[in-house]
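Okay, structure first, notes after.
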Amino acid sequence: MDPYAALRFKEFNIFLMVRFAMVFAWSMQFIVIEWQVYSLTKDPLSLGIIGLMEIIPAISMALFAGHIVDQKEKRNLLVKCILGFSVISLGLFIITDPGLEEILPAKTVLYTIYGLVFLGGIVRAFLGPTIFSLIALIVPKKIYPNAATWSSSTWQLASVLGPALAGFSIGWMGVHWSMCLIFFFSIMALLFLFKISKKPIMNPKLGEPVLQSLKDGLRFVFGTKAILGALTLDMVAVLFGGAVALLPIYAQDILHVGAEGFGILRAAPAVGASITMLGSTRFPLHKKAGEKLLWAVFGFGLCIVVFGVSRIFWISVVALFLSGAVDGISMIIRQTILQLKTPDNMRGRVASVNSIFVGSSNELGAFESGVTAKLMGTVTAVVFGGCMTILTAGATAMFAPNFRKLDLSADVEEHN
C-alpha cells in the first residue's frame, strides 16, 4: 500500500496541521501547569490532583459528548472545542501573571489553575470523539489505517515538540509568557480549521433519545471483543505506567536537571513514539496485531521500571525514549482496530468510550502516581507502576488467547 496515500488529500493535510497545533498547545500547556503547580506546592500529590481535575469532567461527560458528536456536524463542533481551549489558555495566561501572583495568595492561584484544568476536561470530552469522527469524513475508508498512522504520528510529533519547548520556554520566558505562546498556537489551529469544509452527518438516527443512543454505543463496544480487549489492556497499562506525571519531581529533586532537563525528559517518550509511527507507514503492524500489542505493553512496563531506578540522566532519557517507541506500537494498533471495526454512525460514541478507557486513564494514572508517590515515595511508586504493567501484559497473554491471536490482515484487505 502507498505509505503516503492519506497525504494525497488536501483536507487531510490541513487536518494534520490543525491536530499538530492543538496537540502542541495542549501538551505544552499541561507541562507548564505541572511545573507551576509543583513550584507552588512542592507536593507530589498536587501533580496527581491536576490529573484528577481533568479526568472528573472528561469521564462524566464522555458518553454524552459521544452522542452529541454523532448528532452534529463535525467541523463546526471542532471549532467550538478549539474556541473553548483558547479561552482556557487565555485564563491561564492571566492567572500566571507575576504581578497578579504578588497580589493574590498562592492558594488562590493554585485553585484557579485547578478550576481551569477542570474546564479543559469538559472540552477534552468533546475534542477526542470529534477529531476521530472527522478523519473518517476526510479520507476514503480503504486508507483508514494509513490515515490513522499519519494522524497518530502527527500527535506524537507535537507531543515531542510541545513538552520540549515548554521546558525551554519556562527557562527563557517564564511560565506567564509560555502560556501566551500556547494561546497563539490554539488560535493558529482555529485558523487552519476554517480551510476544511463542513461535512455531512452520517448518523441515520438524528434526534434519537440520548439514553438509547448511549446504550447502543456501549453495547457495540462491549460486544466487539477486539475493541474491548485493546482498550482494556491499554487502559490498565497507562493507568499504572503513568510515571511521566512525576517527572517534575525527578527533574527538580532526583536528577537535578532543571527546567531544560525536564523538557528533554518529557519529550523523550514522544520522540520514540514518533520514530515508531513514521516507520510504521512503511512497515504496517496489522499482521499478528494482538501479539505485537502485548509485547509492546510488556516492553513499556520494563522501560518504566528502568527509568524509576535510574539516577543517571542519559539512562533515564533512553528509558523514556524506548517506552515511547513501544507505546507507539500500541497506539497504532489500537487506532487501527478502532478505525476498521467502527461503523460511521457510531464513531463519536465509540471514540467517547475510548476516551474513558484510554484518554482519561492518562489523568487517572497521573492521580494514581501522585497518590502512590505520597504513600510509597516517588521511586517506589514508579517501579510499582511498571511492574503492574508487566503483570497486566502477562495475564492478558495467558488468559485471553483469542486476543493474543488477533490479526487484522483480513480487515485491511477487505477495505482495499
Taking 37 °C and 0.692 mPa s as the conditions, I'd like the Stokes-Einstein D for region 129-169 in µm²/s, using the Kirkwood hydrodynamic radius from alpha carbon pairs. 284
Rg/Rg_globular for region 1-133, with Rg_globular taken as 2.2 N^0.38 Å and Rg from C-alpha atoms: 1.22
Hull volume per residue for region 74-211, using the convex hull of the C-alpha atoms, in Å³ is 137
Quick one: dipole size for region 125-268, taken about the Cα centre, charges +1 on Lys/Arg Cβ and -1 on Asp/Glu Cβ, in debye to the nearest 20. 760
Top positive-direction residue, dipole computed over the chain with Cβ charges, set 307, 348, 383: 348
Give the residue list of trypsin sites (Lys or Arg not before Pro) in region 1-91 that are DSSP loop and have at most 15 other beta-carbon atoms within 10 angstrom. 42
Surpassing 20 Å at the alpha-carbon level, of the pairs 215/341; 142/198; 80/195; 225/405; 142/225; 142/195, are 142/198; 142/225; 142/195
Explain nothing, just compute: Karplus ³J(HN,Hα) = 6.51 cos²θ - 1.76 cosθ + 1.60, θ = phi - 60°, for every residue of region 107-117 in order, whole Hz, x for Gly and Pro. 5, 5, 4, 4, 5, 5, 4, 4, x, 5, 4
Please arrange 315, 390 by how many other C-beta atoms lie within 10 Å of their C-beta, fewest to most. 315, 390
Leading residue at positive end of dipole, the chain (Cβ point charges), from 176, 93, 68: 68
Placing each pseudo-label 7 Å from Cα in the direction of the beta carbon, residue 10 and residue 194 end up separated by a distance in nanometres of 1.8
Electrostatic dipole magnitude of the chain [Cβ: Lys, Arg +1; Asp, Glu -1; Cα centre; debye, to 20]: 1120
Which net charge results when you count Lys and Arg as +1 and Asp and Glu as -1 among the other residues whose beta-carbon is under 15 Å from that of residue 301? -3
Give me 341, 195 sorted ascending by neighbouring Cβ count inside 10 Å, so fewest comes first. 195, 341
In debye, nearest 20, what is the charge dipole magnitude of region 1-100 about its Cα centre with +1 on Lys and Arg Cβ and -1 on Asp and Glu Cβ, if you could check? 320
Considering all alpha-carbon pairs of the chain, what whole percent are spaced by more than 28 angstrom? 45
Hey, fewest Cβ within 10 Å first, where do 15, 132 land in order? 132, 15
Counting Lys +1, Arg +1, Asp -1, Glu -1, what net charge surrounds residue 405 among other residues with beta carbon under 13 Å of its beta carbon? +3
Of 140, 317, 156, farthest towards positive along the dipole that unit charges on Lys, Arg, Asp, Glu beta carbons give the chain: 140
For the chain, what is the mean residue ellipticity at 222 nm derived from helices alone (per DSSP H run of n ≥ 4: -39500 (n - 2.57); sum divided by total residues; nearest 500 deg cm²/dmol)? -27500 deg cm²/dmol
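Just so you know, all these numbers are worked out from the coordinates, no wet-lab data involved. These numbers were taken from a predicted model, which means no experiment stands behind them. Positions of Cβ are generated from backbone atoms using ideal geometry, with glycine treated the same way; all protein chains shown enter the neighbour counts.
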